[in-house]
Amino acid sequence: MTSVRQLPLSRLGHLVPPLVDDAALVALVTMTNDLPWAAKAAWDIARIAAREGRRVALVDLCLENPALHETVGLHATEGIVDAFEYGVSLNKAAHEVTGVFIIPVGSETANPAEVYGHARWPKLQAGFRSEGALLLALLPLSGLAQLSASPDGALVLAPEGVSPEFALPGDVPLLGVVRDRWLPSSPRVSPPSITVPVADEPRRGLRLALAALVVAAAAVGGWALLARARESIVVPPAAPPAPTGPTATTSPTPSTASTISTNLHPQRVASHLDTLGWTIQLAAYASLDKALAHADRLAADAGVPALVTPAPQSGNGPVWYRVLAGSYATRAAAGSARAGLWRRGIAGEGVGDLLLAPYSYHAPAGASLDTLRRRGLPAVRWSNGVILLGAFEAPEQAAYTQAALKRAGVRANLLPRMGAGGGGPP
């Protein structure tokens, strides 16, 4: 086993990409009873592979003990079994989660061997290869032996490694063994990680369609991989010059003493060089309470102030609540901070998109954080004591939050987060 590449979790971000760059189908073989650990490792591998914009799909083939859907925050939903046994479209079975297409197990099956041996696997592999995309299959060793396609390689997920006698079935190349650390340890303690739960439905409004995987119509069922939501580097549109004096606020009316009073309409304040607009998107939740809890943990336990931004989907789609960590003057500073989060174990390596979102709603002095949250608003107390609501790339993107403020009877200024640089307060 000395010739097999050892892949500790802490180094996956550097070690995985060259192993899967030329592959279309890679098996992630579970060799542990700790299936949540294996699912989390598979999820990290998928996000790392998709980090540079490559289209990546991760399918859960642990048919008897699925864990991937819980790891990524999906409720029980249709999946690969439903696609193969009941004719459900792979479009419907696949869920885009922070840039990776997740295909859960879905329904139970009485015939696992038929799912592994299905004739569509070689055709899917050919389709992914033709599009330069990557299909990752999370499955047990017995499933690999029955798989109708021959993977381009396999990564074994074994927290304590494998024995020198270990061998993969068939001629599948062993790319490496993913483990907790370089050497075995006793007892094993799983490294800290942050799960990224999301809404049940794909982010239709945030992703752009690219080319469909060109394979036989019967094989793919019309499923098209869509582009990953890349790091957003969007410069806010030109705005009128900022007013020289303080921004005026509207006084509360006597009949609405409980209403927090500032200016509701977005202030088109130009983004200056000292704007601390860069931030790190770590997660997205379907629940505001979960997003706020994550932000509070980052601030309390890790000393990283965080914002929560509602991101409504197109049409009648769900609202996601993004968790954005820190506030930085430059993209390089945000990148360095993200690397620090990886080193400290606050975020898994490869997790976190850099986003230029300099605008936030500022609540007035004396506003109650609890009152704002009870009204369904994504309020957080920043490191300097100011209460902020969301972070936006441009004022136009704050329309949903503006409407929520209006419904709640809350008036707030939309202003740039300013400062002297670094990751300090706004």
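The values are calculated or read from the model by the stated rules, or taken from the named source; none is laboratory data. Note that the structure is a prediction, hence the values are computed from the model and not measured. FYI the Cβ positions are ideal-geometry reconstructions off the backbone, even for glycines, and counts take in every protein chain you see. Just so you know, the surface numbers come from the protein's heavy atoms only, side chains and all, with ligands and any DNA or RNA stripped out. Shrake-Rupley method; radii C 1.70, N 1.55, O 1.52, S 1.80 Å.
Mind listing which GluC sites (Glu not before Pro) in region 27-115 are in a DSSP loop and have 12 or fewer other Cβ atoms within 10 Å?
Values: sites: Glu52, Glu64, Glu70, Glu78, Glu85, Glu96, Glu108, Glu114; in loops: Glu52, Glu64, Glu78, Glu108.
In loop regions of region 27-115 (DSSP not H, G, I, E or B), the sparsely surrounded GluC sites (Glu not before Pro) are Glu52, Glu64, Glu108.
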_Those lysines that a straight Cα-Cα span of less than 23 Å connects to Lys123, excepting residues fewer than 8 apart in one chain_ = Lys92
*Considering amide H positions built from the backbone, and no H for Pro or chain starts, which residues 5 or more places from Ala24, or on another chain, come under 5 Å of its amide H?*
Asp152
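Quick check: with the 1.4 Å probe, what order do Tyr361, Tyr86 take by accessible area, largest first? List each step's numbers first, then the result.
Working: Tyr361 0, Tyr86 140 Å².
Accessible-area ranking of Tyr361, Tyr86, largest first: Tyr86, Tyr361.
Where does region 308-364 land on Rg(C-alpha)/(2.2 N^0.38 Å)?
Details: Rg = 13.8 Å, N = 57, 2.2 N^0.38 = 10.2 Å.
Output field value: 1.35.
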*For region 270-404, what class follows from the C-alpha gyration tensor (a ≥ b ≥ c being the square roots of its eigenvalues): rounded when a/c is under 1.5, otherwise prolate if a/b is larger than b/c, else oblate?*
rounded
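How much length, in nm to one decimal, is gained on full extension between Ala145 and Arg343, taken as 0.36 nm per residue of separation minus their Cα-Cα distance?
Here the segment from Ala145 to Arg343 would lengthen by 67.6 nm.
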*asked:* I'd like the carbon and sulfur percentage of the solvent accessible area for region 45-184, probe radius 1.4 Å, heavy atoms only, ligands and nucleic acids excluded.
replied: 51 percent
*Got a sec to turn the phi values of region 122-138 into Karplus ³J(HN,Hα) couplings, 6.51 cos²θ - 1.76 cosθ + 1.60 with θ = phi - 60°, whole Hz, x for Gly and Pro?*
x, 6, 4, 4, 5, x, 5, 5, 5, 9, x, 9, 10, 10, 9, 10, 8
*Table column - 3J(HN,Hα) (Hz), region 21-32, Karplus curve with 6.51, -1.76, 1.60, x for Gly and Pro*: 4, 9, 9, 9, 9, 10, 8, 10, 8, 7, 10, 7
